[in-house]
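Okay, structure first, notes after.
The values are calculated or read from the model by the stated rules, or taken from the named source; none is laboratory data. Keep in mind the model is a prediction, meaning the values are calculated, not measured. Here the Cβ is made from the backbone with ideal geometry for all residues, glycine too, and neighbour counts use every protein chain on show. These accessible areas exclude ligands, DNA and RNA; they are computed on the full protein's heavy atoms, side chains included. Shrake-Rupley method; radii C 1.70, N 1.55, O 1.52, S 1.80 Å.
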Amino acid sequence: MSPHSDSGHDDHSHLSDTELRVRSLESLLTDKGLVNPEALDAIVDRYENKIGPRNGSRVVARAWVDPDFKQRLLENASAAIDSLGYTSTQGVDMLVLENTPTVHNVTVCTLCSCYPWAVLGLPPAWYKSFPFRSRVVKDPRGVLQEFGLKLGAGIEVRVWDSTAELRYIVLPERPAGTEGMSEEALADLVTRNSMIGTEKAANPKAGKS
Ligand code: FE
């Protein structure tokens, strides 16, 4: 939930410690005239609702249908993503990690919560959690299995640690049975987690999970 939501201003009992701290900090900065609450709301709305993982889904779907775009994406992800209009305001470089039948990639930020906002929006809570950040490095197969992704022994798992300067997005494999599907319909199969690497793109028969 957004700490800027209008609902529940009179009853803070449902808020977490972090949300309460954010509220207090925002009130203080607003009182001192250091921030404009409307500008803050606009930023949160941008990353929660306007960007979100849909941008990344469109990047992946384009790469599935357009080999030239895929080539450019793998060679210079920042420029290719920029060409679709999803420009990063974080000023960071992007790298696309291609999953293949023998290689599975998963991304993490072991230090904090670095994440490709321009294509995936805001990170899910578990991505920022200490157990995920610490365990996915030590036991990626075990963590992925907890997400419901069981990888055979013949598949190499690569874990990529994001930084302030470099963010990753996984290019999941195009699911079988999707020949002839439109780019828009393909984008529906590309889940947020499939671009973090904790699941595969959805099966067209099962739909988006
Ligand atoms: Fe980080």
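Over the chain, with every protein chain in place, what whole percent of the accessible area is carbon and sulfur at 1.4 Å, could you tell me? Within the chain, the accessible surface is 53 percent carbon and sulfur. The H on the amide N of L97, modeled in the peptide plane, is under 5 Å from the matching H of I169, V170, L171, each at least 5 residues off or on a different chain.
Taking the charge dipole of the chain about its Cα centre, with +1 at Lys and Arg Cβ atoms and -1 at Asp and Glu Cβ atoms, the residue from N203, H14, G142 reaching farthest to the positive side is G142. Applying a 4.7 Å Cβ-Cβ cutoff to the chain, the cysteines left without a disulfide-compatible partner are C112. Within the shell of other residues whose beta carbon sits under 12 angstrom from the beta carbon of E146, the net charge comes to +1, with Lys and Arg scored +1 and Asp and Glu -1. Counting only protein heavy atoms and using a 1.4 Å probe, the accessible area of L171 comes to about 10 Å². For the range 53-196, the square roots of the Cα gyration tensor eigenvalues, ordered a ≥ b ≥ c, give a/c of at least 1.5 with a/b no greater than b/c, which places it in the oblate category. Figure legend: label point modelled 7 angstrom from the Cα of T110 along Cα→Cβ; residues of the range 138-158 with amide N under 13 Å from it are 138-140. Using a probe of 1.4 angstrom and keeping all protein chains present, the accessible surface of the chain works out to 54 square angstrom per residue. Ordered from highest to lowest accessible area with the whole protein assembly present and a 1.4 Å probe, E146, E184 read as E146, E184.
In this calculation the C-beta distance from E179 to E26 is compared with R0 = 45 Å, giving a FRET efficiency of 0.35. Applying a DSSP loop filter and a limit of 12 other Cβ atoms within 10 Å to the trypsin sites (Lys or Arg not before Pro) in the range 81-150 leaves K150.
By average Cβ neighbour count within 10 Å, what is the ranking of 160-166, 28-34 from highest down?
160-166, 28-34
A Cβ-based charge dipole, computed about the Cα centre of the chain with Lys and Arg at +1 and Asp and Glu at -1, lands at about 660 debye. Total lysine pairs in the range 60-209 at Cα distances under 20 Å, for residues eight or more apart or on different chains: 7.
Note on surface exposure: I43, I155, I196 rank I43, I155, I196 by accessible area, highest first, 1.4 Å probe.
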